[in-house]
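Read-outs throughout are calculated quantities, based only on the coordinates presented, and are distinct from any laboratory measurement. Not measured: the values here are computed from a predicted model. Here the Cβ positions follow ideal geometry from the backbone for every residue, glycine too, while neighbour counts run over all protein chains shown.
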Number of protein chains: 2
Amino acid sequence: MKVDDFKIVGTSVRRVDGLDKVTGQAKYTGDIIVPGMVEGKFLRSPYAHARILSIDTAEAERLPGLVAILTAKDLGDIHPYLGRKDRKDQPIIAMDRVLYVGQPVVAVAAVDAFTAEEALGKIRVEYEETPFVISVPEAIADGAPLIHSFAPNNICFQDELIKGDVDKGFAESDEIFEDTFEFPMVYHYSMEPHTTIAKVDSEGITVWSSNTHPFGIRQEIAEVFGCSLSKVRVIVPLVGGAYGSKSGGKIEPLVVALARQAATAVRVRQSVPEAMMTVRRHSAICKVKTGVKRDGTLVAKQAEIYLNTGAFAETGPIVTGRTLTRILGPYRIPHIKVKAYCVYTNTVSAASFRSIGGPQTAWATESQMDIIAQKLGVDPVQFRRKNLLRRGEELKPKGNPLDADLFKALDSVTQKIGWDGPVSKNGSGRGVAFGVTDPGAPLASTATVHVLSDGSVVLLAGTIEVGQGARTIMSQIVAEELSVPLERVTMRSTDTAYTPFDRSTGSSRSTTVMGKAVQLAAQDARRQLLELAAEQFEAPFEAIALRDGVAAAGNKAAAYGDLIHRHFAMQGGEIVGCGYAHSGMAPKPSNPLFWEIGIGAVEVEVDRETGAIRVKKYVSAADVGKALHPIQCEGQDEGAAMMGVGHTFYESIIYEGGQIVNSSLIDYKVPTFDDVPDEFEAILIEDQNGPGPYGAKGMGEGGIIPVAPAIANALAWSTGARIKELPLTPERVWRSLQKRV
Amino acid sequence: MKVDDFKIVGTSVRRVDGLDKVTGQAKYTGDIIVPGMVEGKFLRSPYAHARILSIDTAEAERLPGLVAILTAKDLGDIHPYLGRKDRKDQPIIAMDRVLYVGQPVVAVAAVDAFTAEEALGKIRVEYEETPFVISVPEAIADGAPLIHSFAPNNICFQDELIKGDVDKGFAESDEIFEDTFEFPMVYHYSMEPHTTIAKVDSEGITVWSSNTHPFGIRQEIAEVFGCSLSKVRVIVPLVGGAYGSKSGGKIEPLVVALARQAATAVRVRQSVPEAMMTVRRHSAICKVKTGVKRDGTLVAKQAEIYLNTGAFAETGPIVTGRTLTRILGPYRIPHIKVKAYCVYTNTVSAASFRSIGGPQTAWATESQMDIIAQKLGVDPVQFRRKNLLRRGEELKPKGNPLDADLFKALDSVTQKIGWDGPVSKNGSGRGVAFGVTDPGAPLASTATVHVLSDGSVVLLAGTIEVGQGARTIMSQIVAEELSVPLERVTMRSTDTAYTPFDRSTGSSRSTTVMGKAVQLAAQDARRQLLELAAEQFEAPFEAIALRDGVAAAGNKAAAYGDLIHRHFAMQGGEIVGCGYAHSGMAPKPSNPLFWEIGIGAVEVEVDRETGAIRVKKYVSAADVGKALHPIQCEGQDEGAAMMGVGHTFYESIIYEGGQIVNSSLIDYKVPTFDDVPDEFEAILIEDQNGPGPYGAKGMGEGGIIPVAPAIANALAWSTGARIKELPLTPERVWRSLQKRV
C-alpha cells in the first residue's frame, strides 16, 4: 500500500469517543454502579514510620451500616505482597508497621461513604513512632533508620552504565563541569483519581478499575489471591488520564480483599489527596560531571543519579535503570560512567510517570549543556549540533542504533522559533533542549477483528482509552485495512474475560505495538473476506478488490455482509481476524523497539521585579514516524509540553515532618489554560520509518522532557540566573536574580 | 485420534455449572440488576379480536413513581414488525387492533412492580369487539373473520410434499385406513418465564434476556430500531429451560422500546400466565389416509395437516414445512401426497417447540400404524420392520439419505422392554413408536479458544446453557483437543458485544454444529502451541507431544504458559484459536445435517374403573453418534420422554370464549416426579457416524416424539380403546373404555 493511497489513516477524523465525551455520556469507573455495591474507605497511617501495636475496631464494628472491616490479620492465606518477582515489598495493607503517611492500615466498607468515613473515626490504632527519612540524603546517611531490612543504606536498587574510561576522558578534557541538579516530587494529576470496584463470588474475582494495565492487575490479583488468570476479570471503561499513575496494581488488590471480606461488591473512590498518597513521580538528585574539549567536543561524562522511590519499590528499579541512558542526552560521548540509585524513603511510592526518568535526567544534562556552552562562549544550538548523534549511531554500548534524524528535528524547532542566538534582539531568552528516550514499549499485544454479517466491524483490543485517542487510532487502522468507512468500526471497552491480551497501555507502545496487532488482525479478516469473495465469485484471489465495504471482481460485487451470509449458509455468521505483536516484532526484544524523539525550543520573558517567567513562544517537535491522526499527535505533544510547564513552574510535593502539606489542588498548582504559551506549536516529523503500522512509532512522552531545561536555559542566557532546582517559582527566580545583582 | 484415546470426551465428568446451580449461586436474567433499572409491565388485550378505539393514559401518567408509558403511537420512526422477511406480521405492541387475549397493548415502566401494576389499572382502553376464531375449523370456515387481510381463509402458509402417484397407490392397496388425530395446544413450561432487561444509551442498545437466540434477537432489534448489529448488545446468562419458547425475539423488542421511552433501564419479568400468553406449541389436526397391501407393505399415504399458529406467523411456516416429512414416519412409502396448512387464529402465537411438528405428526402416523397392524392382525413391531427404511435410503425425494440403523434402534428398545407381543402375559399393554426427524440444525457457528499465559483456557462460544449441559460438553471438547485438565477450561457467558457469532441454541444443533466450531478453534490453538514448542525446542512440529498442559519433545518440556510467555517476549501473552462451522460442513446446506433418531417402547397398566394409565416401563433409545457426556445424553433423552408424558396425559391449553382458562400451573398440570415410569431407561446408540465432533450428532428432541402414540397403542392393544385425541385423561380413557363395553 503506498502512502498516498491511505484513505483514513493519516487523516484527523472525528474522535470516535468525542461525542460521548463532550455530551457527558462517556462512562468512567466512577460512573459504574454494581448491584449491592457498598462504599469502601481506607484508614491511613498518620506517621511516616511506626510500628503498629494494636488495632481496635470494636467501636467501629458496632456502627449501624458498617459492612466489613479489614486489617492485615484478615488476609488469611493469600500472598499479600505486590511488586516485581524479585522485590515483592509492598503489602496490600499495612502489616505490623507503617512506612509512610497515607499508607492504608485498615479498610472499611459500609452502606454509604459517610458511614464508612464515620467508621474510620471510630477505629483506634496504637502506633510506636520510629525515626523516618524523607529525602535521599537523609535516607543514605550513615546510621539512617532502615526502611526494609533487606536493603542496606535504604538502597532499593542500583545500576550502572560504563563505556570507555571516564578517568582517561576527564584527563583528556580541557574543561570539566560539575553540577548538581534537583528535580521535585510531582504528582501525575490525571482528572480521574484512582477508583476501583471489586466483587468476589462463585464466578471468581471481578474488578472494575481506572487502570491502564488491566491484564497486569489480572496477573497481580491472580498471584495475590492464588487463582488462575481465567478466574480474574478486569473491566476498564474509559479512563480519565493516567500518565503512569494507573500502571499496574494500585488500590485494586486491597479493594478485592475488602470485597471478599464484605461478601459483596465494594467501591473505593479516592479523592485527589488520597490519589497523591498512592503514587507520584520520583524526585531526583543528579550529580553530573562532564569533560569537554575547548572546541566543544564532549569527551567524558560521569553521573550519579539518586531517585527517591518512597516506601516501596513499585516500578522504581525500572525507572532507575532507564535513567542510565536518559542522563546521557543524544550526544556522542566516548567515556561514560553513570551510576543510578533507587532509594527507599518514608514517602509515597514513586512509580512510572510519562517518560520514566526522562525529565529528571534531561533537566540535569540539558541544563548543563548550556552551562558548558555559556562557559565556552558558543551558541548552545551549535554546541549541540557538534555532539549530536547521527542516525544509526548507538547511544550506549550494544544499544540499538538511533532510528531518527536529530539534526532535522533540531532544525525544525530552531527555524520555527527564529533562532539567531540564545538572546533575542529585544532581550528575550531562548532555550532549546532534547528529549531522546527509549520508551521501553514492551511487546505482547493481541487483537481480534470481527466482521459481522451486516458489514459492521468490531475490534477487541485491550488498549485503554485514557484520552490519548487510542480508540480512534485503532479504529482508523481497522477501517483502513478492511476498506470500510470509519463509522462501521466499533472498538469495545476492555473486559479481560473476553478481550484478548495486551501487555499494557503506556510506554508509548499502543499505536506501535497494539497498532501492529490490530493491523495484522484486520489483515487476517481482510484475507478471509477476499477468500470468500474469490470462492463465491469464482475469481482468482488477486482479482478481488475491496472498497467501501464491498468486494468486487469484474462485474460481480457483494457487500461484506452478503459474502458472510452466503458462506455461513444464509444463517448470519462472522469473520474473526486475529493478530499478534510478539517477540518476532523486534530483533532483540530487550532493546528499544524505537527511539522516541522530543525536542523543545522556547522564548521567555522574565519579570525581574517578581521573578515571574512568561513563555512567549514554545515549539515542540516529535518524530512520530507516521502520524496516523495528526491532530491527536499534536494534542499529545502539546499536552506533554504543558505537563512539563507544570513541573517547570509550579509542581512539587512538599513534605514537612513526614506529612505532605500540599496534597490538594488548592496548594498543589497544575497548569491551566492561562499557562499556555502565547505562541505554541507542535511539529510532527514523519519519516515513515517506525516499526508500527504504516511506519508509525510511539510519541506523547518526548514532549514533556525538554521544557524545564529549555526554559531554565533561556532564563540563564537572558538574565545570567542559572537555577538547578525545580520548580522555577517566581521567588526562586527572584532570589537568583538578586544574587546576580 | 482413536476413539479409545479420548481422555475427557465420552466421560460423564462433573457438570461445570453444577456446583453453582446446586448452591443457588447460578445467575439468571432475573438475578441481574442494572443500575437505575425500573420495572415494566404490559397491559394486555382482554379480547380475542377487537379494534382499539382509544387509549387514555392520563390518569396513569399522574401516578407518582410512573416512569414511562408506551403505546403504538410512541414508536416513532422504527419498523415495529417482527417475523420472517416475507411475513413481518407481528407488531411489537398492538397497533390499531388486538388479535388475541394477552396481546400487549400498553407498556408501562415504574419505580417498582406494584406501581407499574397500579398504573395498568388506571389506563382506559376502548375496544370495539369483532368476531374471533379460536380453532382451525372455525378459522378456515367459509365466511370466517379474517385475521390478516393478506391471508385469505386465514391460511398463513401452506406447503406440500408429493412423491409417486398417490391415487395409483390407493388403487393398488388392499386396505385403506383413514383417521383423524388431534394434538392439543401445549405450553413449553420452562422453569424460568421470559425475562428481559433493556437499556438504550449513547453506546447503543443493551439487552439482558433469557433467550436462546442472542444473535437472532440482536438481528431483530437492529432491524426494528434501524441500527447496525455492532450497536446492539445482547447478554444472556444461564437460562432456566427453553424448549423453543425462547427462540428469537419474544418480549425483547418491546422492552427495548419501553426502555427507550423511559430513558433508563427497564426490566420485565413475566409470570407463568404471561409466559403462556407469549408463546405455545402448535395444536394440530392430522387427517391421514394410508393404503397397504394385505401382507403389510405400505403403498400410499395421503395426509392433510392443519396447524393452529395463533395470531402471528412466528416460526409457524417453518414448523409447517417440517411436518411434511415428519408425518411420513421412517417408512418406505412409494406414493405420498401431504399437504400442510399453517392457520391463523385469535390465539397466542405458536412457535418452535422441542422437535418442531414432530409429536403432532407422529401422534397421527404412529397411532395409525398400530390401527393398521391390529386390522391386519400382525405384530406392530413386525409390521414396522417390514416397512422400515434402511440406512442410506431417502425419506423424501431428493432428501438426504438416512444416516442411522433403525433396525438396531428398534431391536434395542424391544429387547429391553421384553417384547413378545403388544399384550404381555399378565395383560399389560405394550406399544412402540418412532421419532425420526430432520432437526434442521442450521449451520453457522463461530468460536474462539484462548490459551492464557498461565495455561488456563477461555472459550468464547455463543451457545446458551439452558440446562442441557452445553457448557460442560463444549469445555470437554476444548480440554480434549488441547490436552489440558477440564478444570482449566472456562466457557464464558454469551455477550454479543464480545462473543463471536452463533446461529442459535436449539434444533439439536449445539453439540454438532457449535461443537465442530469449538473443536476447530481448539485445534487451531493447539496447532499454534505446537508451533511455539517446535520453534522454542528447535524440534520438528511432529515431534512435539502435548499432555496435561505441557508440551514435550525429547528431553525438553514446557508448560503452555511458559511457551506463551517466551513467545511474547516474557510480557504475558495469549494464543487465540478460531473455528467456524459454515456451509462447508454439509454437502447441501438445505438438507438435514443429520437425522435425529428417537424410539420409545412402553408397557402400561390401565385402571378400567378410573381410566387412569400407569406407565410401568418406558424405554427410550437415541442414536447420538457419539455420547460426549453419556449421563447428560441420558438425562436429555429421559427429560424429553417425560415432556412427552406431559402432553400424553395432562397438557392442553383450553380456550373458552377467546380466553385461556388454565393459564396457571394449578390448572395446567405438567409431569412431576410422581409421573416417572416405574422402570425408565434411556439407551444411547453410538455409531460414531455423526457430522459433529468425534462423530456426535444432535439429540434431546427425538425422545419426546414416540411417547404419546406408544402409550395410546399399548392402551388400544390391551383394552381395545383407540383414542385419537390427546391428552389421554382418565375421563377420556374411561369414556372410551365405556364405549367398548
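One table, with the values for the structure above:
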| item | result |
| --- | --- |
| Shielding by partners, peptide A:497-504 (average Cβ within 10 angstrom, other chains) | 6 |
| Cubic angstrom per residue, convex hull over Cα atoms of the stretch A:331-379 | 129 Å³ |
| For chain B, calculated [θ]222 nm from helices alone, where every DSSP H run of n ≥ 4 adds -39500 (n - 2.57) | -8000 deg cm²/dmol |
| Of the DSSP H helices in chain A, those whose Cα atoms cover at least 27 Å axially and whose Kyte score averages 1.6 or more | none |
| Kirkwood Rh (inverse of mean 1/r, distinct Cα pairs), the stretch B:176-263, angstrom | 14.3 Å |
| Between the stretch B:700-741 and the stretch B:598-633, the Cα center-to-center distance that results, in Å | 15 Å |
| Under 18 Å from B:Lys416, Cα to Cα: lysines that are on another chain or at least 8 residues apart | B:Lys408, B:Lys425, B:Lys616, B:Lys617 |
| 17 Å Cα-Cα reach of A:Lys339 towards lysines, excluding residues that sit fewer than 8 places from it in its own chain | A:Lys163, A:Lys287, A:Lys289, A:Lys301, A:Lys396 |
| Around B:Ala404: net Lys/Arg minus Asp/Glu count, Cβ-Cβ under 12 Å | -4 |
| Highest-first arrangement of B:210-218, B:161-169, where packing means the average Cβ count within 10 Å | B:210-218, B:161-169 |
| Residue exposure sequence - A:Ile704, B:Ile235 - by fewest surrounding Cβ within 10 Å | B:Ile235, A:Ile704 |
| Kirkwood Rh in Å, taken over all unlike Cα pairs in the protein assembly as shown | 35.8 Å |
| Cα Rg over Rh - the stretch A:225-363, Kirkwood | 1.13 |
| For the stretch A:470-515 and the stretch A:262-300, distance of Cα centres in Å | 29 Å |
| By average C-beta atoms within 10 angstrom, highest first, the peptides A:8-14, A:171-177, A:639-645, A:202-208 | A:639-645, A:202-208, A:8-14, A:171-177 |
| Free-standing Cys, chain A [no other Cys Cβ under 4.7 Å] | A:Cys227, A:Cys286, A:Cys578, A:Cys633 |
| Cα-based shape type of the stretch A:502-622, given that a ≥ b ≥ c are square roots of the gyration tensor eigenvalues and the cut on a/c is 1.5 | prolate |
| At q = 0.13, 0.14, 0.19, 0.21 Å⁻¹, base-10 log of I(q)/I(0) for the stretch A:234-305 (Debye sum, equal scatterers on each alpha carbon) | -0.62, -0.66, -0.92, -1.03 |
| Packing-based exposure ordering (other Cβ within 10 Å, fewest first) of B:Thr499, B:Thr446 | B:Thr499, B:Thr446 |
| Per-residue ³J(HN,Hα) for the stretch B:388-397, Karplus 6.51 cos²θ - 1.76 cosθ + 1.60, θ = phi - 60°, Hz, x for Gly and Pro | 5, 5, 9, 3, x, 6, 9, 6, 9, x |
| 11 Å beta-carbon shell around A:Gly698, net charge (K/R +1, D/E -1) | -2 |
| Part-to-part distance (alpha-carbon centres) for the stretch B:59-122 and the stretch B:189-255, which is given in Å | 17 Å |
| Percentage relative contact order, chain B, counting C-alpha pairs under 8 Å, at least six apart | 15 percent |
| For residues of A:441-450, the mean tally of beta carbons on other chains within 10 Å | 5 |
| Relative compactness, the stretch A:16-82, computed as alpha-carbon Rg over 2.2 N^0.38 Å | 1.73 |
| Projected area averaged over orientations for the stretch B:538-689, convex hull of C-alpha atoms, nm² | 18.7 nm² |
| Whole-angstrom Cα spans of chain B along principal axes, big to small | 85, 70, 46 |
| nm² value of the averaged projected area, convex hull over the Cα atoms of the stretch A:283-405 | 7.7 nm² |
| Value of relative contact order over the stretch A:555-698, rounded to a whole percent, pairs C-alpha under 8 Å and six or more apart | 27 percent |
| A:Asp179, A:Asp678 arranged by Cβ crowding within 10 Å, fewest neighbours leading | A:Asp678, A:Asp179 |
| Spatially proximal lysines relative to B:Lys739 (Cα-Cα < 20 Å; intrachain offsets below 8 disregarded) | B:Lys375, B:Lys724 |
| The stretch A:183-311: relative contact order as a whole-number percent, Cα under 8 Å and 6+ apart | 31 percent |
| Listed peptides A:601-608, B:423-430 by packing density, highest first (mean Cβ within 10 Å) | A:601-608, B:423-430 |
| Shielding by partners, peptide A:25-35 (average Cβ within 10 angstrom, other chains) | 2 |
| Neighbourhood charge, 14 Å Cβ-Cβ cut-off, centred on A:Phe594 and excluding it, Lys, Arg +1 and Asp, Glu -1 | -2 |
